[in-house]
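Read the figures in this text as sums done on the coordinates, not as results from a lab. Bear in mind the structure is a predicted one, so any value in this text is a computation, not a measurement. Every residue, glycine as well, gets a Cβ built from its backbone with ideal geometry; the counts of neighbours run over all protein chains shown.
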Amino acid sequence: MLFNLIKAQNLHIVLFSLFLSISLVAQQRKEVSGVVIDETNETIPFVTVGVVNKTIGTASTEDGEFSFYITQQELQDTLYVSSLGFDTYKIKIQDFLAKKNRKIVLIENVVSLNELVLLSPNDYVENAIKNLRKNTLSKTHVKEILYRRAASEEGKAKFFVENFIKLRDRGPANWMGTIQITEARKSADYRYWKHTQWRHSINNMIEVNPLTPNDSEHAVNLKKFDWKKIESSSYEGEDVLILEGANPKKKWEKIILYVGIDSYNIYRIERGPTLYIYKKHKSGKVHLSYFKNEWSYPKNMIPQEYLNTPAETLSYRIEAFVLNVETDKKKSRIDEYGIDKDMGSLDLPYHPEFWQALSSPPDTKFFKKNKSELEGLYGVPLEKQYELVNK
């Protein structure tokens with residue numbers, strides 16, 4: 001009896017200490033949030049926002065909004081805001097948090113390049129590919145990714161999944177490394193056809209990237225494209241060429257690259273509905289910051305019993321934010337889980353407190369659209385769906 005009493009008291013002490021430590025951590029965290037606009041008061045999407053010389057930061061949403069957390073230790077550090085075509089903005093974090101109006105106005109950087117000093121567009125692409133391993137974060141590191149997928153039928157989201165992923169990676173010059181899905185949550189599944197993919201959707205993010213070596217149907221040889229300059233821009237003081245490439249074998253296929261004139265860094269890739277945004281790491285090398293894509297499921301792969309039903313309109317919408325990059329080798333070990341499973345079928349416990357504490361971006365247009373469509377089906381709030389569906 002006495003033993004059980006002591007054991008219970010010790011348990012209460014442990015739980016109290018744990019609660020106290022969590023509370024202290026929560027009190028130390030401060031949210032840095034705001035919106036990025038240009039001189040005409042238009043919001044600027046996919047802007048790099050972060051802390052100078054640290055990996056803390058995020059990318060702004062399509063509405064120009066951003067949000068991330070810092071500790072007391074970063075209050076004296078410098079916040080930087082950087083976007084293609086604009087001068088970099090810097091301010092002490094403490095001063096930014098003291099502002100009543102947290103709108104950041106970026107000044108457009110007008111670029112006028114002398115064509116005589118430029119290489120040919122094809123040469124820039126070849127140099128970018130040649131220097132890809134040198135210019136990107138290619139040593140083993142771990143990306144912490146918020147990965148979202150919505151499955152839609154008849155143009156409306158019917159199933160929504162979020163995964164928090166740790167990806168041990170070596171950059172776009174190499175094939176995908178090891179992934180570990182550590183947290184997952186999903187909505188109710190309102191699809192007519194509850195289709196499951198045979199592997200995790202993050203494979204799409206890797207395979208569709210024209211820089212990544214792979215043998216999938218999406219693989220292309222960029223050196224054989226016909227390239228032309230369509231515009232000029234700038235990024236963090238470097239002039240940037242915007243190059244459009246056309247596939248000579250598939251006239252409809254075009255890819256747009258944003259390539260630094262001096263560094264040959266690739267800062268942005270557009271491939272149809274696919275978008276990749278890269279930002280600079282504190283080491284000066286670039287790494288993936290944001291990804292989105294949308295694609296329709298091939299009708300010839302739909303089972304016969306689902307033909308002439310809403311299943312024929314099945315499509316997937318994807319969005320991913322890289323929330324953090326860990327380069328410390330001691331912290332780069334992960335336990336592989338989930339790569340061979342549909343991201344909506346993972347056997348993971350649901351931790352609502354994790355999602356509440358996650359330093360995720362403000363609600364994006366992508367998230368708002370899917371949330372609205374899911375809630376409009378039967379009037380059940382998305383948070384309630386999470387509560388009922390996940391265990």
Quiz item: Going down the list Lys299/Lys365; Lys229/Lys279; Lys279/Lys299; Lys229/Lys368; Lys250/Lys299, which pairs span over 26 Å between their C-alpha atoms?
Solution: Lys299/Lys365; Lys279/Lys299; Lys229/Lys368
Quiz item: Where Lys and Arg each count +1 and Asp and Glu each count -1, what net charge lies around Lys92 among other residues with Cβ under 13 Å from its Cβ?
Solution: -1
Self-check item: Per-residue Cβ neighbour rank within 10 angstrom, fewest leading, Ile206, Ile266, Ile107, Ile91
Solution: Ile107, Ile91, Ile206, Ile266
Practice problem: Using a Gaussian network model of the chain whose springs link C-alpha atoms within less than 10 Å, name the residue from Leu97, Leu137, Leu323 with the highest mean-square fluctuation. | Solution: Leu97
Self-check item: Mean projection area, nm², convex hull over Cα of the chain
Solution: 24.4 nm²
Quiz item: What fraction, in whole percent, of alpha-carbon pairs in region 217-330 exceed 21 Å separation?
Solution: 54 percent
Practice problem: Please check which bits of region 215-244 a label hung off Asp340 would reach, taking the label as a point 7 Å along Cα-to-C-beta and the cut-off as backbone N under 20 Å. | Solution: 215-216
Self-check item: Centre separation in Å (Cα based) which lies between region 170-211 and region 305-349
Solution: 3 Å
Quiz item: What does the convex hull of the Cα atoms come to per residue for region 45-190, in Å³?
Solution: 217 Å³
Quiz item: Fewest first, what order do Trp355, Trp198 take by the number of other Cβ atoms within 10 Å?
Solution: Trp198, Trp355
Exercise. Could you give the DSSP H helices of the chain that reach 27 angstrom or more along their long axis (alpha carbon positions) and whose average Kyte-Doolittle hydropathy is no lower than 0.5?
Key: 2-28
Quiz item: Shape call for region 246-391 from the C-alpha gyration tensor, a ≥ b ≥ c root eigenvalues: rounded (a/c under 1.5), prolate (a/b greater than b/c) or oblate?
Solution: oblate
Self-check item: Where only alpha carbons of region 179-267 are counted, the Rg and the Dmax (Å)
Solution: 18.2, 52
Quiz item: Kirkwood Rh, Cα Rg: Rg to Rh for region 26-101?
Solution: 0.95
Self-check item: Sorted by Cβ neighbour density within 10 Å, fewest at the top, the residues Lys100, Lys251, Lys223
Solution: Lys100, Lys251, Lys223
Quiz item: If R0 is 25 Å, what FRET efficiency do you get for Asp63 and Arg170 from their C-beta distance, rounded to 0.05?
Solution: 0.15
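Once you keep just the Cα pairs under 8 angstrom separated by 6 or more residues, what percentage relative contact order results for the chain? Write down the numbers at each step before the final one.
Working: 795 pairs, mean separation 74.3, N = 391.
Relative contact order comes out at 19 percent.
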